[in-house]
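Enquirer: I have a structure I would like to understand better, so I am pasting it below and will then ask my questions one at a time.
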Amino acid sequence: MTVNINDLNDQWVALGQKVSDLQATANSMVLDDSASAEDVSEIRNKINNAIAKRDLAKDNLEAARVIEDT
């Protein structure tokens, strides 16, 4: 299955936005006294997973660009 570079770029951008959204949620939790330790742990895990997926998408995009240039 061939993946379009534009699709890979769109995935990378969308995953980057997800990271930003999760980080905004985490920032708002700082001021939320009702946020539990479990909530904080969960958002940290979600952020770490989203960052890993975003970075993988970037790697895939860069690899596809190299292949396209050859």
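Enquirer: Suppose the filter is charged (D, E, K, R) and modelled with pLDDT under 95; does residue 21 pass it?
Expert: Working: charged (D, E, K, R): yes; modelled with pLDDT under 95: no.
So residue 21 does not fit the description; no.
Enquirer: Which of the residues belonging to the stretch 13-70 are closer than 30 Å to residue 3 by Cβ, open to solvent by 80 Å² or more (accessible area, probe 1.4 Å) and aliphatic (A, V, I, L, M)?
Expert: Selection gives 13, 56, 66, 67.
One line per residue, one yes/no per condition, for (1) acidic (Asp, Glu); (2) under 14 Å from the mean Cα position of the chain (by Cα); (3) not in a helix (DSSP H, G or I):
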{"site": "12", "(1), (2), (3)": "no, yes, no"}
{"site": "32", "(1), (2), (3)": "yes, no, yes"}
{"site": "40", "(1), (2), (3)": "no, no, no"}
{"site": "67", "(1), (2), (3)": "no, no, no"}
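Enquirer: Output the qualifying pairs, or none if there are none: Cβ atoms under 7 angstrom, residues six or more apart or on different chains, first residue in the stretch 36-54 and within 13 Å of residue 22 (Cα to Cα), second residue open to solvent by 50 Å² or more (accessible area, probe 1.4 Å).
Expert: 43/25; 47/23; 50/18; 54/12
The values are calculated or read from the model by the stated rules, or taken from the named source; none is laboratory data. Remember, predicted model here, so these are calculated numbers, not experimental data. Counting neighbours? That spans all protein chains shown, and the Cβs are built from the backbone with ideal geometry, glycine included. The accessibility values were calculated without ligands, DNA or RNA, using every heavy atom of the protein model including side chains. Shrake-Rupley method; radii C 1.70, N 1.55, O 1.52, S 1.80 Å.
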